[in-house]
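Undergrad: What follows is a structure written as structure tokens; I'll ask about it next.
The values are calculated or read from the model by the stated rules, or taken from the named source; none is laboratory data. Everything numeric here is computed off the predicted structure, so don't read it as measured data. All Cβ positions, glycine included, derive from the backbone under ideal geometry; neighbour counts span all protein chains shown. Side chains included, ligands, DNA and RNA excluded: accessible areas come from the protein's heavy atoms. Shrake-Rupley method; radii C 1.70, N 1.55, O 1.52, S 1.80 Å.
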Amino acid sequence: MSTHVSPPATERHALVRAVAEQHRDVRGPLLPVLHEVMAEFGHVDRADLPVIADVLNLSVAEVHGVVSFYHDFRTAPPAAHQVEVCRAEACLAVGAQALYDDLRVTAGAGELGDAEVREVFCLGNCALGPSGTVDGALHGRLTRQRVEDLTEGWRA
């Protein structure tokens, strides 16, 4: 997983402004701008919203509404590691909800190191549920122990 280091605020604002200006004359520019900011920095900082709104002649509320609506956008830097658990029907039928809940508590207690546990809906690995990803790598038949084994190197 790539790590994103944000530049100082004034430099970041200049870069965000440049991204927004690049897309300003495109029809429906907000989503491409937000995706590019996410790709560059790993998140859309709340301080980016007024900059984007100004360039695109939108209200800050409109930009915030889009950022908060779509699951793909985040307003805080991501954790160093990501664990995703499928919560679609086939995986739920074989224990994904309990695994997801347990891993959220485990991650919240710092037992997975600097990791974030997120939900996804169908990874196309239904026959091997519960399925999920660990730093982007797909795994099936996940259990808490298997996730702990896969993430062992993350803990200090």
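Undergrad: Give me the dipole magnitude in Debye, nearest 20, for the chain about the Cα centre, with unit charges on the beta carbon: positive for Lys and Arg, negative for Asp and Glu.
TA: 180
Undergrad: If you don't mind, another one. With the full set of protein chains in place, find how many percent of the accessible area of segment 1-105 is carbon and sulfur; take the probe as 1.4 Å.
TA: In segment 1-105, the share of accessible area belonging to carbon and sulfur is 56 percent.
Undergrad: Something else now. Could you state the angle between the C-alpha long axis of helix 60-69 and the longest principal axis of the C-alpha atoms of the chain, as a value from 0 to 90 degrees rounded to the nearest 10?
TA: Result, in degrees: 20.
Undergrad: Go through the cysteines of the chain and tell me which have no other cysteine Cβ under 4.7 Å away.
TA: CYS122, CYS126, each lacking another Cys Cβ under 4.7 Å.
Undergrad: Further question on the same structure: For segment 1-74 and segment 87-155, what is the centre-to-centre distance using only Cα atoms, to the nearest Å?
TA: 30
Undergrad: Shifting gears a bit: P(r) of segment 1-76 in 10 Å steps, Cα pairs, percent per bin?
TA: Pair shares across the bins are 20, 59, 20, 1.
Undergrad: For segment 35-156, evaluate the Debye formula with one uniform point scatterer on each Cα (no solvent term) and list log10 I(q)/I(0) at q = 0.11 Å⁻¹, rounded to two decimals.
TA: Reported log10 I(q)/I(0), two decimals: -0.46.
Undergrad: Along the charge dipole of the chain, which of VAL19, GLY65, MET38 sits closest to the positive end, that is, farthest toward it, with unit charges on the beta carbon of Lys, Arg, Asp and Glu (+1, +1, -1, -1)?
TA: GLY65
Undergrad: Continuing with the same structure: Using a 1.4 Å probe on the protein heavy atoms only, what accessible surface does ASP25 show? Give it in Å² to the nearest 10.
TA: Here the accessible area works out near 140 Å².
Undergrad: Oh, and also: As a test of the formula, what do you get for the chain when each DSSP H run with n ≥ 4 contributes -39,500 (n - 2.57) and the sum is divided by the residue count, at 222 nm and rounded to the nearest 500 deg cm²/dmol?
TA: -13000 deg cm²/dmol
Undergrad: What is the spin-label model distance, in nm, from ARG146 to ALA76 if the labels are put 7 Å beyond Cα along the C-beta direction?
TA: For ARG146 paired with ALA76, the spin-label model returns 2.9 nm.
Undergrad: Next up: At a probe radius of 1.4 Å, what is the per-residue accessible area of LEU138, in Å² to the nearest 10?
TA: Near enough 90 Å² of accessible area.
Undergrad: Which value in Å is the Kirkwood Rh of segment 73-135 over different Cα pairs?
TA: Roughly 11.9 Å, rounded to one decimal.
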